[in-house]
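> Provided herewith is a single structure, encoded as structure tokens, for subsequent inquiry.
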Amino acid sequence: MSNKSLISKALLLLVFFLIGDFIIFKVLKAGLDLYYGMNKPAEVLCIGNSHIVAGIDAGSMEKEMGIPVSKYATSGINTFDRFWMMRQFVEAHPSVKVVVYDVDPRMFWSEDLSFASYTLLLPYIDDQVISHYLKQEASWQEYYTSRLLRTARFQDHTIVQALRGLLGQIEVEQSSRMRVENIHNYLERESLWSRNIRINPESLKIFQTSIAYLTAKGIKVVLVFIPLIDLVNEIDPDNQEKVVTIFQETASINKNVYFLDYNRDYQHKYALFYDPWHLNKDGKELVTGRLVTDLQLLLSLNTSVGTNTRRGK
């Protein structure tokens with residue numbers, strides 16, 4: 001076989017490979033857009049990590065409120081990821097009026113949890129905002145490989161999310177309940193990052209930048225503390241109170257920022273959890289219902305949800 005023939009076959013295989021790569025990416029990207037609600041003119045955007053994935057039902061919110069609601073949330077992301085995700089969504093969807101921002105006492109120190117969490121955003125590398133962020137975080141090999149090979153942008157986690165989007169199975173329902181006798185053993189198995197609460201100044205700064213970015217656009221920000229079981233809250237109570245105070249003060253000095261502390265009311269109700277950190281189906285339904293009520297009041301009055309919710313008292 002001549003060299004010319006080999007080259008022709010190699011080029012043909014390359015063309016077929018790139019076409020296949022493009023088609024598979026387009027299908028997965030469409031599914032991921034459906035999963036995150038990128039395909040709708042959302043008026044309410046829920047953003048956060050696994051707490052809001054397990055704790056808030058965006059579909060139920062949408063039905064109850066009668067307006068489009070998107071949930072751009074995934075496990076393991078940190079405050080830096082959230083800032084760029086938020087910018088990406090808001091700049092592509094000027095319809096956003098309210099951002100529901102998932103907060104928790106450990107959100108300002110997630111280095112051990114969120115190592116390379118930026119890779120979860122690789123499917124959106126074609127977006128100008130996300131591309132800028134990934135250039136800062138990814139190695140040049142990782143960045144340009146993802147540019148060239150589109151399917152390389154997906155990993156196991158994002159593939160599962162894309163498939164859920166395509167199948168219309170957006171909400172993850174955990175019907176099991178946390179057994180009290182297993183809680184202590186579960187906490188013993190937790191990694192050291194969960195034991196103490198720390199604040200990374202850079203993480204706190206990007207959180208404050210996120211709030212300033214949204215409020216400058218006239219978008220209301222609702223900080224929501226989704227419940228954790230009381231034993232988790234008791235791991236480092238003093239520092240937890242310091243972080244909660246940050247949320248309260250952020251709301252008290254910004255007229256378009258509100259703090260809803262659902263943790264206080266439900267932390268002792270173990271039947272609402274499937275593990276110490278996440279709500280089960282019953283907990284999700286309960287917290288979603290409360291959030292809908294608070295948001296409807298907020299949107300209808302165009303004012304504070306109430307003195308108690310604003311200051312977290």
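> Anything in region 139-165 that is over 18 Å from the mean Cα position of the chain (by Cα) and buried (at least 20 other Cβ atoms within 10 Å of the Cβ)? List them, or say none.
SER146, ARG150, ARG153, listed by residue number.
> Here is a further query. What number goes with the only condition from (1) out of contact with any strand residue (DSSP E or B) (no Cβ under 6 Å at 6 or more places or on another chain); (2) more than 30 Å from ASN239 (Cα to Cα); (3) in a loop (DSSP other than H, G, I, E, B) that VAL129 does not pass?
Answer for VAL129: the failing condition is (3).
> Can you name the residue in region 221-249 that is touching a Phe, Trp or Tyr at 6+ places or on another chain (Cβ under 7 Å) and of a type outside the set (A, V, I, L, M, F, W, C) and is also surrounded by the most Cβ atoms within 10 Å (Cβ to Cβ) among such residues?
PRO227
> How about region 222-279: which helices (runs of 4 or more DSSP H) wholly inside it have at least 2 residues that are closer than 17 Å to ILE56 by Cα and more than 20 Å from the chain's Cα centre (by Cα)?
Because the criterion is at least 2 residues that are closer than 17 Å to ILE56 by Cα and more than 20 Å from the chain's Cα centre (by Cα), the helices (runs of 4 or more DSSP H) in region 222-279 that meet it are 263-266.
> Among the residues of region 31-40, are any on the phi > 0 side of the Ramachandran plot and either within 15 Å of the chain's Cα centre (by Cα) or surrounded by fewer than 20 Cβ atoms within 10 Å (Cβ to Cβ) (or both)?
Scanning region 31-40 turns up at least one residue that is on the phi > 0 side of the Ramachandran plot and either within 15 Å of the chain's Cα centre (by Cα) or surrounded by fewer than 20 Cβ atoms within 10 Å (Cβ to Cβ) (or both).
> Do the conditions hold for ILE170, that is, is it out of contact with any Gly (no Cβ under 7 Å at 6 or more places or on another chain) and either at pLDDT below 95 or in a helix (DSSP H, G or I) (or both)?
no
> Residue under question is LYS63, and the condition is that it be modelled with pLDDT under 95, surrounded by fewer than 23 Cβ atoms within 10 Å (Cβ to Cβ) and among the basic types (Lys, Arg); does it hold?
yes
> Follow-up. Can you find a residue that is among the aliphatic types (A, V, I, L, M) and modelled with pLDDT under 95 anywhere in region 122-135?
No, region 122-135 has no match at all.
> Another question about this same structure. Can you spot a residue in region 22-30 that is crowded, with 24+ Cβ neighbours inside 10 Å and farther than 20 Å from VAL221 by Cβ?
Within region 22-30, none of the residues are crowded, with 24+ Cβ neighbours inside 10 Å and farther than 20 Å from VAL221 by Cβ.
> Let me ask another. Can ILE211 be described as under 21 Å from MET85 (Cα atoms), surrounded by 13 or more Cβ atoms within 10 Å (Cβ to Cβ) and in contact with a Gly (Cβ under 6 Å, 6 or more places away or on another chain)?
no
The values are calculated or read from the model by the stated rules, or taken from the named source; none is laboratory data. Because the structure is predicted, anything quoted here is derived from the model rather than measured. Reconstructed Cβ throughout: ideal geometry from the backbone, glycine too, with neighbour counts over all protein chains shown.
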